[in-house]
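The values are calculated or read from the model by the stated rules, or taken from the named source; none is laboratory data. Source: prediction; values computed, not measured. With ideal geometry, Cβ positions are generated from the backbone for all residues, glycine too; neighbour counts draw on all protein chains shown. Remember, those area values only see protein heavy atoms, side chains included, never the ligands or the DNA or RNA. Shrake-Rupley method; radii C 1.70, N 1.55, O 1.52, S 1.80 Å.
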Amino acid sequence: MGKMGFAKVVLFCVLGLLGVAQGQLKMGFYDQICPRAEKIVLDYVKKHIPNAPTLAAPLLRMHFHDCFVEGCDGSVLLNSTANNTAEKASPPNLSLRGFGFIDSIKALLEKECPGVVSCADVLSLVARDAVVVIGGPSWKVPTGRRDGTISNATEALNNIPAPTSNFTTLQSSFARKGLDVKDLVLLSGAHTIGIGHCSSFSQRLYNFSGRGDQDPSLDSEYADNLRKNKCKTPNDNTTFVEMDPGSFRTFDLSYYSLLVKRRGLFQSDSALTKNSNSLTVVSQLLNGPLSKFFEEFAVSMQNMGRIEVKTGSAGEIRKNCAVVNS
């Protein structure tokens, strides 16, 4: 067999293996081995999220950050050890919260079915259920993910898109994970809920190009308001700002409306209006019903939830989401 023929066989086998890995994710994976698993997750979310609705956004963000590093394998949940600095300790993840929420659900599942339900699946289900409980879209979550054993802070820094990213960087980052421009725009729509810290965008207000100037792509009235009432100094590391002011607890189209008014909080938000393809998607969403956004967001969440999943005999089923099994 020639070199080209051999290469084609190898490529075919690799693609086949990838197909098998994704194929092992399926709806109702736990129906026979832990029938109450998804109900336990949903019941806990329904009980606690109404009392802490602002936790939905961080849980959704945690799922995103998990999938972009080592795939959707729960690696973001692992603690650092004496010999390793984990994803949790990486700058993009220092503001994440909700780890205790995941741990509490995992404890209930371990009591029900020891060593059966992965932390990766718990996080995937919780992200969906929390969004639904606050009135957001639902999406299918096929299960069967297994937990990774590698969690590296540098990998998180290199793979999680920064709030200062331009469009080219964002597009490349998403493409590496098999996601396209439409996925980029739709998944960015998660910014319709939640908050951002001043430190993530203060350069746009005080020193955009290194000359003490403001980002010209940011609406001047909005920028003035942020400086006067929120981020009053360039080095504010504690104050937070609603990413979708006046509507940050509601999953709606307001985020996109703000984008076209040049009021996207992060540079990565503003970037979506600087490319014709992404701007077209934004316009289509704004010109359609909310239900269309919900439907398309659901598809992109399903796409994201399949990134580099570990199934079959890969990885492990962690007993404690913060620690690799001994």
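Relative contact order for the chain using alpha-carbon pairs under 8 Å, separation at least 6, rounded to a whole percent? Mind dumping the intermediate values first?
On the way: 521 pairs, mean separation 83.3, N = 326.
Reported as a whole number, the value is 26 percent.
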Checklist outcome for this item: Scoring segment 95-152 by relative contact order with C-alpha pairs under 8 Å, at least six apart, yields a percentage of 31
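Determine the per residue accessible area of the chain with all protein chains present and a 1.4 angstrom probe, expressed in square angstrom. Mind showing how you got there, number by number?
Working: 15320 Å² over 326 residues.
With the other protein chains kept in place, the chain gives 47 Å² per residue.
What order, most packed first, do the peptides 183-192, 66-75 have when packing is the mean number of other Cβ atoms within 10 Å of each residue? If you can, show how the numbers build up before the last one.
Numbers: 183-192: 23.7, 66-75: 27.7.
So the peptides 183-192, 66-75, ranked by packing, come out 66-75, 183-192.
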Item to check | Net charge over other residues, Cβ less than 11 angstrom from the Cβ of Asn325 (K, R count +1; D, E count -1) | outcome: 0
Checklist entry - How high is the relative contact order of segment 141-296, in percent, with contacts defined as C-alpha pairs under 8 Å that are six or more residues apart? => result 28
Checklist entry - Where does the Debye-calculated log10 I(q)/I(0) of segment 99-229 sit at q = 0.10, 0.11, 0.15, 0.21 Å⁻¹, using only Cα point scatterers of equal weight, no solvent? => result -0.51, -0.61, -1.02, -1.40
Checklist outcome for this item: In terms of the charge dipole of segment 158-296, which places +1 on Lys and Arg and -1 on Asp and Glu at the beta carbon, the residue among Thr169, Phe208, Leu184 farthest towards the positive end is Phe208
Item to check | Span from the segment 243-285 Cα centroid across to the segment 116-164 one, whole angstrom | outcome: 23
Checklist entry - Along the Cα-to-Cβ line of Lys39, 7 Å from the Cα, sits a label point; which residues in segment 106-147 have backbone N less than 14 Å from it? => result 112-113
Item to check | Residue-averaged [θ]222 nm for the chain, counting only DSSP H segments that reach four residues, each worth -39500 (n - 2.57) | outcome: -14000 deg cm²/dmol
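Could you please state how large a percent of the accessible area of the chain is carbon and sulfur, counting protein chains only and using a 1.4 Å probe? Before the final figure, lay out the partial values.
Details: 8340 of 15320 Å².
After summing per-atom areas, the C and S share lands at 54 percent.
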Checklist entry - Once you charge only the Cβ atoms, +1 for Lys and Arg and -1 for Asp and Glu, what is the size of the charge dipole of segment 219-326 about its Cα centre, to the nearest 20 debye? => result 200
Next on the checklist: What is the distance in Å between the Cα centroid of segment 298-322 and that of segment 192-207?
Outcome noted: 30
Checklist entry - In terms of Cα to Cα distance under 13 Å, which aspartates and glutamates are near enough to Lys140, apart from those fewer than 8 places away along the same chain? => result Glu38, Asp121, Asp129, Glu295, Glu296
Checklist entry - In the structure displayed, which of Lys88/Lys111; Lys111/Lys319; Lys230/Lys274; Lys26/Lys310; Lys106/Lys310; Lys182/Lys230 lie more than 21 Å apart, Cα to Cα? => result Lys88/Lys111; Lys230/Lys274; Lys182/Lys230
Item to check | In Hz, Karplus ³J(HN,Hα) per residue of segment 106-119 (6.51, -1.76, 1.60; θ = phi - 60°; x = Gly, Pro) | outcome: 4, 4, 5, 5, 5, 5, 6, 9, x, x, 10, 9, 6, 5
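Could you give the alpha-carbon Rg of segment 61-105 over 2.2 N^0.38 Å, rounded to two decimals?
Numbers: Rg = 10.2 Å, N = 45, 2.2 N^0.38 = 9.3 Å.
Ratio of Cα Rg to 2.2 N^0.38 Å: 1.09.
Using the Kirkwood radius over C-alpha pairs as Rh, can you work out the diffusion coefficient of segment 53-165 via Stokes-Einstein at 37 °C, viscosity 0.692 mPa s, in µm² per second?
Values: Rh = 14.4 Å.
Approximately 228 µm²/s, per Stokes-Einstein.
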